[in-house]
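Take a look at the structure below.
The values are calculated or read from the model by the stated rules, or taken from the named source; none is laboratory data. Because the structure is predicted, anything quoted here is derived from the model rather than measured. Note that each Cβ is placed from the backbone with ideal geometry, even for glycine, and that neighbours are counted across all protein chains shown.
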Amino acid sequence: SRSCIGADEDVDTNSCSPADGLMVGNPILPPTAEKYQPETDYAEASPGGLSFSRNYRSNRGLDTTRAAGPLGKTWTHNHSLSLAVVTSSTSGTSTATLTTPEGYTRTFTQANATAPWVAVQNADTLIFTPGANAPWTYRRADDDSTARFDSSGRLLSLTRPMRVGT
């Protein structure tokens, strides 16, 4: 079964028909000519059940700044949320970048070591608690999920609120 994000599956041609013009082919993003392929390997039937899914984005392989993850440069998975923090040695300003499984980033800045983390162009929150087992706590505003990271930015837990169908 094919996943045609933003398009209807055409079984006869083994492609995606652009219902809204976003994707064509198998599926291809026309503005970037990028191949995009989501795959679900495992999904429990229960609400909020365990799942493992992967996303392929062909253009990631061309990005020389992108590090290879456990599935290589072009594949990510739904548990590959990560956090990287960099502090400028000259200004003392810190930048934290959270990378989502889809490859999108959320950026936060901190003016100095005692200042709060401030979101850049998003409503999410990032809190650092020194000495805690999971010192980093990220809260995503649009779905109220919470992720906790260790001091090196490795994901330790992800909590999503249970959504009950209407």
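Results, tabulated for the structure shown:
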quantity: Answer residue from the stretch 12-48, given it is aliphatic (A, V, I, L, M) and exposed (fewer than 11 other Cβ atoms within 10 Å of the Cβ) and is modelled with the highest pLDDT among those; calculated: 45
quantity: Residue within the stretch 54-64 that is in contact (Cβ under 8 Å) with a residue 40 or more places away in the chain and either in contact with a His (Cβ under 6 Å, 6 or more places away or on another chain) or charged (D, E, K, R) (or both) present; calculated: yes
quantity: Subset tally (residues that are loosely packed, with under 14 Cβ neighbours inside 10 Å and in contact (Cβ under 8 Å) with a residue 60 or more places away in the chain) for the stretch 146-160; calculated: 2
quantity: Criterion: modelled with pLDDT of 90 or more and closer than 22 Å to residue 47 by Cα - qualifying residue of 81, 156, 98; calculated: 156
quantity: Subset of the stretch 127-145 that is touching a Pro at 6+ places or on another chain (Cβ under 9 Å) and under 25 Å from residue 70 (Cβ atoms) - its residue that is surrounded by the most Cβ atoms within 10 Å (Cβ to Cβ); calculated: 145
quantity: Strands (runs of 3 or more DSSP E) lying entirely in the stretch 93-166 (those with 2 or more residues that are farther than 23 Å from residue 52 by Cβ); calculated: 94-99, 105-110, 118-120, 125-128, 136-139
quantity: Residue among 129, 137, 114, 93 that alone is in contact with a strand residue (DSSP E or B) (Cβ under 8 Å, 6 or more places away or on another chain), more than 22 Å from residue 161 (Cβ to Cβ) and free of Cβ contacts under 8 Å to residues at least 40 places away in the same chain; calculated: 93
quantity: Meets criteria (loosely packed, with under 12 Cβ neighbours inside 10 Å and within 27 Å of residue 34 (Cβ to Cβ)) for residue 99; calculated: no
